[in-house]
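Visitor: What follows is a single structure, and I will ask about it in a moment.
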Amino acid sequence: MKKIFLLTGIVLSVLSQAQKKNTPPFFAATITAEDLKKHLYVIAGKEMEGRDTPSPGLEKAADYIENHFRSLGLVPGNGDRYRQSYPLYKDSMISTALKVNGVSFELTKDFQPNITVNHTAEMRFSEAFFAGYGIVDGDLNPYKDINVAGKLVIMMEGSPSGYKPSVTGFASPANVFTKITKAKEKGAIAILIIYGNYPRTAFNRSAAYEQHSYEESLAPQTFTVSEAVAEKIMGADGKGIIQKMKTSPVASAVYKAEIDLSYFKNTKTAYASNVIGVLEGTDKKDEYVMITAHYDHVGKRNDTTIFYGADDDGSGTVSILELAEAYTKAKAAGKGPRRSIVFMTVSGEEKGLWGSEYYSNHPVFPLEKTTVDLNIDMVGRIGSEYQKDKDSVNYVYVIGDDKLSTDLTPITDMVNAKYSKLKLDRKYNEPNDPNRFYFRSDHYNFAEKGVPVIFYFNGTHADYHRPTDTPDKINYKLMSKRAQLVFYTAWEMANREEMLKRDMKLEKPKGF
């Protein structure tokens with residue numbers, strides 16, 4: 001009898017252990033602080049040189065991620081390749097000139113071209129329209145009684161005394177880019193903006209890399225100019241015009257003058273890439289769960305100061321590596337997900353969400369079949385607001401789960417209560433949050449296409465976007481808990497019967 005009970009106990013113990021090995025916590029536990037640390041000291045190491053987009057350091061990081069995906073046996077995410085490349089463009093000025101009534105003006109002393117918008121062209125005008133401050137807002141409209149289509153417009157920098165814009169921030173009618181856009185809408189093909197900070201000491205002939213080089217329509221040729229240029233075109237009205245506009249403003253008017261503008265440039269093309277690995281699902285393999293993080297950072301300064309980007313977003317990048325490994329082990333044990341899981345590290349986030357924008361406009365997998373994007377951007381540190389909080393080592397900000405799908409918040413809460421038991425801070429979900437974090441990471445490009453998203457974030461800290469964001473300052477145990485929460489959430493999304501509902505409208509704040 002003793003032997004029978006003993007044998008029964010052994011069998012039950014074996015069955016119990018086997019059951020543990022076939023549950024999510026067993027696979028989530030393979031996401032360890034030690035493995036995250038090992039990966040992060042490479043991704044945020046000196047050799048990666050801050051992972052600027054584009055740069056040799058970024059390519060080294062992409063190689064490391066691709067090799068890890070390949071070692072796990074993930075399917076290449078872009079046909080037979082792990083990389084989805086996209087072009088970037090860098091303009092450099094060859095030459096420029098500004099001449100008024102036969103008098104040539106000197107670069108940096110009296111004028112500078114806007115190298116981010118100008119295109120190769122030579123233009124000659126017999127007149128120019130002075131549009132005051134160039135602001136169109138409420139009763140202010142210098143273009144009201146004149147057609148400036150095909151013309152040269154002159155305007156002042158800044159805004160008139162006492163002016164209160166109807167929209168603040170970047171979208172303000174007084175913002176120089178808003179003024180240029182408004183002049184373009186009116187048909188202007190060239191703009192001179194009068195500034196008081198001439199002469200200047202330097203001029204950078206090369207622009208930064210940009211994602212978009214092919215535009216629906218060209219921006220007006222734009223130059224900033226000194227008061228001396230204004231006087232040459234406008235005569236007595238242009239002399240001391242900056243002060244005049246403060247005391248007795250000069251009215252909008254057309255001025256006759258012979259004006260020559262020229263600008264010549266060349267364009268260099270480079271490439272960056274998103275790195276994509278796929279774990280194929282079972283009966284729902286043609287539906288997808290995206291897990292994303294950006295592997296780029298801001299590079300280095302003066303070839304000596306490296307911005308390591310350990311938290312931003314090395315932490316998210318290495319979390320992706322560990323999540324991919326955990327899911328690979330689950331599949332090998334016969335517990336693979338029903339839906340396919342796409343692990344994607346994107347580049348160019350720091351420059352303007354470039355990589356995720358490219359993917360969302362050129363999706364490898366149908367966005368209508370993508371049930372969710374779980375985006376991990378900064379999960380390795382304790383943010384400033386939690387430094388002295390009782391939950392400092394047991395929290396994460398969850399952003400966006402109250403938008404686009406009413407399924408998201410209940411699932412997130414259920415999964416967390418069952419497994420992770422972290423404090424889920426939804427502070428940044430508030431519509432009037434001045435930080436607007438919901439709009440500032442790669443998940444947003446999926447949200448704009450209607451894909452439900454969650455953004456996992458630890459908050460900013462004193463080392464945010466500084467060279468001191470280094471791997472030695474990461475809380476690896478806390479990072480593993482946050483990555484495990486993503487694992488459990490993705491597990492639920494990948495195995496539930498239905499895709500997430502898309503039953504909420506995307507809301508944008510005014511002026512965004």
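Visitor: Would you compute, for the Cα atoms of region 90-268, the largest minus smallest coordinate along each principal axis and list the three values in descending order, in whole Å?
Guide: Largest first, region 90-268 extends 45, 37, 31 Å along its Cα principal axes.
Visitor: Based on the Cα coordinates of the chain, what is the per residue volume of their convex hull in Å³?
Guide: 179 Å³
Visitor: Setting aside same-chain residues fewer than 8 positions from residue 164, which lysines have a Cα under 16 Å from its Cα?
Guide: Candidates past the 8-residue exclusion: 179, 246.
Visitor: Among the listed pairs 186/449; 182/256; 99/239; 20/477; 427/508, which have their C-alpha atoms separated by more than 27 angstrom in this model?
Guide: Check vs 27 Å cut-off fails for 186/449.
Visitor: Also: In nanometres, what is the gap between the two model label sites at residue 38 and residue 101, each 7 Å from Cα along Cα-to-Cβ?
Guide: Result for the modelled spin labels: 7.6 nm.
Visitor: How high is the FRET efficiency from residue 433 to residue 462, r the C-beta distance, R0 25 Å, rounded to 0.05?
Guide: 0.75
Visitor: Just to verify a number: FRET efficiency for residue 253 and residue 168, C-beta to C-beta distance, R0 = 45 Å, to 0.05?
Guide: Plugging the Cβ-Cβ distance into 1/(1 + (r/R0)^6) gives 0.90.
Visitor: Relative contact order of the chain, please, whole-number percent, based on alpha carbon pairs below 8 angstrom and at least 6 residues apart.
Guide: 20 percent
Visitor: If you find the alpha carbon centre of region 269-307 and of region 57-79, how far apart are they in angstrom?
Guide: Spelled out, the Cα-based centre of one part sits 9 Å from the other.
Visitor: Still on this structure: How far apart, in nm, are the 7 Å Cα→Cβ label points at residue 338 and residue 413?
Guide: Calculated label separation equals 2.3 nm.
Visitor: Another question, if that's okay. What per residue convex hull volume, in Å³, do the alpha-carbon atoms of region 23-164 yield?
Guide: Roughly 326 Å³ of hull volume per residue.
Visitor: Also: Rounded, prolate or oblate: pick one for region 82-158, where a ≥ b ≥ c are the square roots of the eigenvalues of its C-alpha gyration tensor, a/c under 1.5 means rounded, and failing that, prolate if a/b is larger than b/c, else oblate.
Guide: Taking the square roots of the gyration eigenvalues as a ≥ b ≥ c, region 82-158 is oblate.
Visitor: What number, rounded to the nearest 500 deg cm²/dmol, is the helix-based mean residue ellipticity at 222 nm of the chain, given -39500 (n - 2.57) per DSSP H run of at least four residues and division by all its residues?
Guide: Per the formula, -8000 deg cm²/dmol.
Visitor: While we're on this one: Note down the nm distance, to one decimal, between modelled labels 7 Å out along Cα→Cβ at residue 423 and at residue 157.
Guide: Simple spin-label model gives 4.6 nm for this pair.
Visitor: Let me have the relative contact order for region 90-268, percent, based on Cα pairs under 8 Å that are six or more residues apart.
Guide: After rounding, I find 42 percent.
Visitor: Students often forget the sequence filter, so: which aspartates and glutamates lie under 13 Å Cα-Cα from residue 38 once same-chain residues fewer than 8 apart are removed?
Guide: Cα-Cα hits under 13 Å: 322, 472.
Rule-based calculations on the coordinates, nothing more; no lab input. This one's a predicted model, so the numbers in the text were calculated from it and none came from an experiment. When we count neighbours, we look across all protein chains shown, and the Cβ atoms used for this are built from the backbone with ideal geometry, even at glycine.
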